[in-house]
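Shown next, in structure tokens, is the structure this report addresses.
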Amino acid sequence: MIEIKDVTVALGVLCIMLVTSTVILFNEQQNTKYLEEQVSILNVQAIDLQDNVDNLNGALSEYEAQLSDYEKQIDDLTDKTANYTRIIDLKEIQMIFDNKTCAQEANTLTTVFNETVNYAGYFEFQVESTSDTTYLQTTYKHNDLNFNQTITVGTNSTAYFPILPGTVEVLIGNTGTKTNQITITLNYVY
């Protein structure tokens, strides 16, 4: 026969097992809930981190575009510097006219150039004429400096005139008694 004592012990063991199972089940539910909360928190953090990555990638793209713009500006400035260095070193040559011919009456003065130049340099003239009295005259004003120089070039000569920025006038003259046939080449070196 089953004794009450045995039933009591069995019921006690059963109660302990039920309480233990309930505690284990409760702990598992708590752990599951805690883990779900952690997963939720980590998902939010992952979304925030992805937003940060997206923002940083956008900023990186902007910086790369700016860098490209700066590199273009550097290239442009390098080209300008090289150009200005050539100007400083008087290595730029602009042909104003090449083998321009004209007939000039006796004892006259003719304007062959009257324009603004932007850089200091010099004019190089190559002149051929039928009169040994042919001359060139160059005039300009720069700040308070008035420049007026005349060079006799005769029948075949090369002449040089220093030039400062401003409006420059070049005249060719003939003090002879006959019409003068002239061929002239003008280079602006700056």
- Task: Looking only at region 160-190, count how many residues are among the β-branched types (Val, Ile, Thr), in contact with a strand residue (DSSP E or B) (Cβ under 6 Å, 6 or more places away or on another chain) and assigned to a loop (DSSP other than H, G, I, E, B).
- Result: 1
- Query: Of (1) open to solvent by less than 70 Å² (accessible area, probe 1.4 Å); (2) more than 28 Å from Thr85 (Cβ to Cβ); (3) without any contact (Cβ under 8 Å) to a residue 24 or more places away in the chain; (4) not β-branched (Val, Ile, Thr), Asn180 satisfies all except one. Which?
  - Reply: (3)
- Item | Answer from Thr116, Thr138, Thr158, Thr134 - the residue that is farther than 26 Å from Thr85 by Cβ and open to solvent by 50 Å² or more (accessible area, probe 1.4 Å) | Thr158
- Within region 38-82, of all residues that are more than 30 Å from Glu92 (Cα to Cα) and among the hydroxyl-bearing types (Ser, Thr, Tyr), the one nearest to the chain's Cα centre (by Cα) is Ser68
- Message: Any residue at all in region 119-127 that's in a loop (DSSP other than H, G, I, E, B), hydroxyl-bearing (Ser, Thr, Tyr) and either at pLDDT 95 or above or touching a strand residue (DSSP E or B) at 6+ places or on another chain (Cβ under 8 Å) (or both)?
- Response: yes
- Task: Tell me which of these Asn146 doesn't satisfy, since it passes every other one: (1) surrounded by fewer than 17 Cβ atoms within 10 Å (Cβ to Cβ); (2) not in a strand (DSSP E or B).
- Result: (2)
- Being loosely packed, with under 10 Cβ neighbours inside 10 Å and assigned to a helix (DSSP H, G or I) narrows Lys33, Lys5 down to just Lys5
- Condition set of a type in the set (D, E, K, R) and open to solvent by less than 100 Å² (accessible area, probe 1.4 Å), scope region 96-113, selection farthest from Asn174 (Cα to Cα): answer is Asp98
- Only one of Ile74, Ile93, Ile172 is over 18 Å from Tyr190 (Cα atoms), of a type outside the set (D, E, K, R) and open to solvent by 80 Å² or more (accessible area, probe 1.4 Å), namely Ile74
- Determine which member of the set Ile47, Ile96 is at pLDDT 95 or above and either closer than 30 Å to Thr130 by Cβ or of a type in the set (D, E, K, R) (or both). Ile96
- Message: Consider region 83-123. How many of its residues are free of Cβ contacts under 8 Å to residues at least 24 places away in the same chain and within 22 Å of the chain's Cα centre (by Cα)?
- Response: 5
- Can you pull out the residues in region 124-155 that are touching a residue at least 24 places away in the same chain (Cβ under 8 Å) and under 36 Å from the mean Cα position of the chain (by Cα)? Glu124, Tyr140, Lys141, His142
- For region 150-172, which residues satisfy the criterion of being under 14 Å from Phe113 (Cβ atoms) and not hydrophobic (A, V, I, L, M, F, W, C)? Gly166, Thr167, Glu169
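The values are calculated or read from the model by the stated rules, or taken from the named source; none is laboratory data. Note that the coordinates shown come from a computational prediction; the quantities given were computed from them, not determined experimentally. Heads up, the Cβs are rebuilt from the backbone with ideal geometry, glycines too, and the neighbour counts pull from every protein chain shown. With ligands, DNA and RNA removed, areas are computed over all heavy atoms of the protein, side chains included. Shrake-Rupley method; radii C 1.70, N 1.55, O 1.52, S 1.80 Å.
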